[in-house]
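Some notes on the structure that comes next.
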Amino acid sequence: MGISQRQGRYKRSAPAFLIILAALVLLLGFSMILSVCTGIAGGSFKAFAETVMYPAKASGVGMIMLEMRMPRALAAGLTGMAFVCRI
């Protein structure tokens, strides 16, 4: 089987590719938010949302989310994207 035959075999349409890409981006976003909201110090989605909207009024757990968990999750996401893009 030649290269052109293998490429044609796995060819997808543009709308299907965009749907899959959008689903993967949403899954990545959800997993990053879940990573920020869970931990030994506690936390919840409500605390995360309040911390993001009102960082000056953040609680102790909110400060942990904002200063420690969020940068870690963003760095992990960017590192994964760099591996995929082969930068």
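The values are calculated or read from the model by the stated rules, or taken from the named source; none is laboratory data. No experiment lies behind these values; they were computed from the predicted model shown. Here Cβ is always computed from backbone atoms with ideal geometry, including for glycine, and neighbour counts include all displayed protein chains.
Report yes if GLY39 is surrounded by 15 or more Cβ atoms within 10 Å (Cβ to Cβ), without any contact (Cβ under 8 Å) to a residue 60 or more places away in the chain and not in a helix (DSSP H, G or I), otherwise no.
Working: surrounded by 15 or more Cβ atoms within 10 Å (Cβ to Cβ): no; without any contact (Cβ under 8 Å) to a residue 60 or more places away in the chain: yes; not in a helix (DSSP H, G or I): yes.
The answer is no for GLY39.
What pairs come out if I take residues in the range 53-80 that are closer than 11 Å to MET32 by Cβ and touching a residue at least 40 places away in the same chain (Cβ under 8 Å) and pair them with residues that are surrounded by fewer than 15 Cβ atoms within 10 Å (Cβ to Cβ) and among the hydrophobic types (A, V, I, L, M, F, W, C) whose C-beta lies under 6 Å away, six or more apart or interchain?
Close Cβ pairs satisfying both conditions: none exist.
One line per residue, one yes/no per condition, for (1) in contact with a strand residue (DSSP E or B) (Cβ under 6 Å, 6 or more places away or on another chain); (2) among the aromatic types (Phe, Trp, Tyr); (3) surrounded by 10 or more Cβ atoms within 10 Å (Cβ to Cβ); (4) at pLDDT 90 or above:
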position: ARG9; (1), (2), (3), (4): no, no, no, no
position: PHE30; (1), (2), (3), (4): no, yes, yes, yes
position: ALA47; (1), (2), (3), (4): no, no, yes, no
position: MET68; (1), (2), (3), (4): no, no, yes, yes
position: PRO71; (1), (2), (3), (4): no, no, yes, yes
position: ILE87; (1), (2), (3), (4): no, no, no, no
